[in-house]
Protein chains: 2
Amino acid sequence: MATIKDVAKRAGVSVGTVSKVLNGVYVRDANRLKVEEAISQLNYQVNTYARGMKAQFTNTVALILPDLVNPFFALLTNYVEQELFRKNYRMVLCLSSGSFEKEQGYFAAARQNKIDGIIGLTYSDEAEKYVSDDMPLVSIDRYYEAHIPCVTSDNYQGGVIAARHFYRTGCHQVAYFRTGAKTAGSTLERDRGFLETSRELGMECVHMDFGEEPGAQTADQIYQYLQEYQANTSRVVEGIFFSSDDLAVMTVEKLRREGIRIPEDVQIIGYDGLTVLNRGPLYVSSIRQPIQEMARCCVEQVMRVIHHEPAQMLTVLPVEFAEGGTTKPQISGG
Amino acid sequence: MATIKDVAKRAGVSVGTVSKVLNGVYVRDANRLKVEEAISQLNYQVNTYARGMKAQFTNTVALILPDLVNPFFALLTNYVEQELFRKNYRMVLCLSSGSFEKEQGYFAAARQNKIDGIIGLTYSDEAEKYVSDDMPLVSIDRYYEAHIPCVTSDNYQGGVIAARHFYRTGCHQVAYFRTGAKTAGSTLERDRGFLETSRELGMECVHMDFGEEPGAQTADQIYQYLQEYQANTSRVVEGIFFSSDDLAVMTVEKLRREGIRIPEDVQIIGYDGLTVLNRGPLYVSSIRQPIQEMARCCVEQVMRVIHHEPAQMLTVLPVEFAEGGTTKPQISGG
């Protein structure tokens, strides 16, 4: 593994100059470029952070998310910015659409102390290889092999709550339909919580993955899949749990267009607890994530990481059932 | 007015040191603090920008918006970030909730070359006094007395389109209900376009302002206002134009709960063209703003300002009518 001396030798500058570049101290552009090139060529891991070297704090944290089209991400960004401002921090926003190339620039900036830390929700597989124990990173929903603090909500319990609701409203046959990345994320726990609980409670459960991103055809595909499943098994699906509100809402529209009554014919539970224009009623019955509290915890943990205080490696926040008109009232305990 | 020499004298350092601080070049912390204190005490306007002094570009632009709870702002942020990234720029996000105190920090950072420029949608009255010709700022929807490039959509035409739609569907009595700040913004043109066109077309038009921010009671207040207006005048309001989709959606819910049929009894047109979860159907018939194109133009203009190229002082983008199920089809020209 390359050392700071190797970098200095390759760049043809002194170790002191390399050190200055690493610490964000001003050096002539020509020298800075040589040093950066050498760092890149030698794949030198610029770890000023873990070694506790004097760093110039920038009071800037980067938030990495896929996009802001999903209202869940927009609300999370809204609250993270507010929390960071309270701590006198600015927020740089990186919308990666899952592109590691874009994320990588921010990871590099954090290593080089150009930003103090990162709060990141990243799906790319490459991130797994790149992220190391000393990265000033707090992860949302994703467990890394490296020792990185993670903030998430209780996705397993979300699945349990949905299965129990269907059971307590008299369902015998349920379904779980998902879209989304299969990256080592805690959101996969939704699947496990729902499937395991359905089995334990003696409900028949069919489940299907409809790809990474719900598209214009996804609701049609779900409808067709349901029709075929019911025709082939002579069973009637009485409750469907979805991995997101988005998917639930588009399926509800499709089912209603096909004359299926909700919740009389089939109950629907989504995930996230999103509301009309972010302040009206719920779109569908849902498992509500505590978005504001997640933001608060992310900022708290990243502050600890930045200031070399012990961070909580896993923060799991409670979720709750939110009645949004697509489910029946519970009739029994269970 | 204080000069750079006054600052140097007050700080007890050389003019060269002040210049270094202004240009972001490294100086000892103790000296930097002295200079910053002197700048603050003398209210020295650090205008390295307009004088074209060598600046260290940070490749960072700040986007100032009230919040991301409003999906219009979330989508705008989404597209601005993408456009900036294409230009190799990072985006710092400032959600001001209209607080000038918070905005001011970013204005100051821009003056001091800590960020290269600002794209801002700001409602605070204080901003008017603070913003000057040489501020590297592109304004969204708001005209400043200072010579600041502004990007907006054709709000006047939006009002015209809504009034014409009501006229062409046979309305004789219409209403305009608004919420929002009354700051010198181009969004006030919506009012003017609608009211003037209604008058020209011979429609009776009632209009009312329901405060700065729609709240839990706003839809009830609108309903009550309508009832009283209709009782007092013995007239029936056949079409209502709203200053935002938000306000339109909450009023539609209230009216439907009261047994009023939409669009049979009353037609509704909102503003913005927002869709369910940002990719489903429209919530209501609406005047659609070209959000992505607005983002592109904001970034294009801020790049010109940053690079001392001539910027377009006013960019007005076209809007269009979007049929969302709360209006009747047009029956005649007009």
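Brief remarks on what is shown
- Given A:K20/B:K20; A:K254/B:K328; B:K182/B:K254, the pairs whose alpha carbons are separated by over 21 Å: A:K254/B:K328; B:K182/B:K254
- Local electrostatic count, A:E83, Cβ distance below 13 Å [Lys/Arg +1, Asp/Glu -1]: +1
- Placing pseudo-labels 7 Å out from each Cα toward the beta carbon at A:Y223 and A:M313 gives an inter-label distance of 4.8 nm.
- Folded to 0 to 90 degrees: helix A:155-168 orientation relative to chain A principal axis, Cα: 10 degrees
- Per-residue shielding of B:59-69, expressed as the average number of other chain Cβ atoms within 10 Å of the residue Cβ, stands at 3.
- Only Lys, Arg, Asp and Glu carry charge here, each on its Cβ (+1 for the first two, -1 for the last two); on that basis the protein assembly as shown has a dipole of about 2340 debye about its Cα centre.
- Degrees separating the helix B:218-233 axis from the principal Cα axis of chain B, which is the longest one: 40 degrees
- In degrees, nearest ten, helix B:245-257 long axis to first principal axis of chain B (Cα): 30 degrees
- Sorted shortest first, the distances from the B:T3 label point to those of the same residue in the other copies are 5.4 nm; each point sits 7 Å from Cα along Cα-to-Cβ.
- Neighbours of A:G180 by Cβ distance under 11 Å: Lys/Arg scored +1, Asp/Glu scored -1, total -3.
- DSSP-defined beta bridges in chain A - what % are antiparallel, rounded to 5: 10 percent
- Coordinate range of the alpha-carbon atoms in the protein assembly as shown per principal axis, descending: 76, 68, 35 Å.
- Beta bridges per DSSP with both ends in region A:155-290, % antiparallel, nearest 5: 5 percent
- With the charge dipole of chain B set up from +1 on Lys and Arg Cβ and -1 on Asp and Glu Cβ about the Cα centre, the Cα lying farthest toward the positive end among the listed residues B:C297, B:Q41, B:T218 is that of B:Q41.
- A dipole drawn for chain B from +1 and -1 charges on Cβ atoms has a positive end, and of B:L95, B:N155, B:H172 the residue lying farthest that way is B:L95.
- Distance (nanometres) between label positions extended 7 Å along Cα→Cβ at A:A2 and B:V15: 4.3 nm
- Ordering B:231-238, B:96-103, A:290-297 by mean Cβ neighbour count within 10 Å, with the highest value first, yields A:290-297, B:96-103, B:231-238.
- Beta bridges by DSSP in the protein assembly as shown, antiparallel share as percent, to the nearest 5: 15 percent
- Between B:L33 and B:D133, the C-beta separation translates, for a Förster distance of 41 Å, into a calculated FRET efficiency of about 0.85.
- For region A:160-224 versus region A:49-120, the inter-centroid distance based on Cα atoms is 32 Å.
- Summed residue charge, Cβ within 13 Å of A:F100's Cβ, Lys/Arg positive, Asp/Glu negative: -3
- Just so you know, the Rg over Rh for chain A is 1.08, from Cα atoms, with Rh as the Kirkwood radius.
- Inter-copy label distances at B:A30, using a point 7 Å along Cα-to-Cβ, come to 3.3 nm with the shortest given first.
- Normalised by 2.2 N^0.38 Å, where N is the number of residues, the alpha-carbon radius of gyration of region A:155-290 equals 0.97.
- 7 Å along Cα→Cβ, label-point gaps from A:R256 to other copies, nm, shortest first: 0.7
- In terms of surrounding Cβ atoms within a 10 Å radius of their Cβ, B:D6, A:D246 rank from fewest to most as B:D6, A:D246.
- FRET efficiency, 1/(1 + (r/R0)^6) with R0 35 Å, evaluated for A:Q230 and B:R261 via beta carbons: 0.50
- Here is how the number arises for chain B: DSSP H runs of 4 or more residues each give -39500 (n - 2.57), the sum is divided by the residue count, and the result at 222 nm is -12500 deg cm²/dmol.
- Computed lengthening from B:K182 to B:S99, 0.36 nm per intervening residue step minus Cα-Cα distance: 28.4 nm
Rule-based calculations on the coordinates, nothing more; no lab input. The structure presented is a predicted model; accordingly, all values stated were derived computationally and were not measured. Virtual Cβ from ideal backbone geometry, glycine too; neighbours counted across all protein chains shown.
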